[in-house]
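Taking it in order: structure first as structure tokens, then the write-up.
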Amino acid sequence: MKGRCMCGAVSFDATPAEAAYHACHCEMCRRWTGSAFLGITVKGDRLKFEGAEHIRTIQSSEWAERAWCGKCGTGLYYHVTAEGPYSDSYEMSLGTFDDPGKLKFDREIYVDHKSPNVALQGAETSLTRAEVLAMFSIPEEGQDQ
Ligand SMILES: [Zn+2]
Ligand SMILES: [Zn+2]
């Protein structure tokens, strides 16, 4: 599947790990996107960028970085940099794909942290913050993604 940032300086070719996307309502994703982050999981070796020299990143937590286009500011992805089973896994922003319509909406997380009036329909699974932290064995006082 192909995608690009708003200005086109960064484009990519990605093979999603599954034909599905997810939503995250955590505080960091809320601040980063202005609402909720919608992402498609892609493993690092199934992803090829063009214009990668325009990609800017910030290490947003101990285990992940977030990236955007340095020319137009489009949020591009969340990338797990830590070792472990999710290492080198990307969550590519759904909105950057040319044709994301054929993917199903399979999961939303941090549903108890949703912005007011942000309501997404049709997710097969909904998880609260506590359920997500338990799933990844992160202590309750641990930071978000
Ligand atoms: Zn751009
Ligand atoms: Zn999040």
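We did not get these values from a lab; they are worked out from the coordinates using the rules stated. Values in this document were obtained by computation on a predicted structure and should not be read as measured data.
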Taking only the alpha carbons of the range 78-145, what extent do you get along each of the three principal axes, in Å, biggest first?
36, 30, 19
Give, in nm to one decimal, the length gained when the segment between residue 99 and residue 45 is fully stretched (0.36 nm per residue of separation minus the Cα-Cα distance).
17.3 nm
When we measure straight from the Cα of residue 48, which lysines land under 17 angstrom away, once same-chain ones fewer than 8 places off are left out?
2
For the chain, what does -39500 (n - 2.57) per DSSP helix run (n ≥ 4), summed and divided by total residues, give at 222 nm, in deg cm²/dmol to the nearest 500?
-2500 deg cm²/dmol
Binned at 10 Å from zero, the C-alpha pair distances of the chain give percents of 11, 42, 37, 9
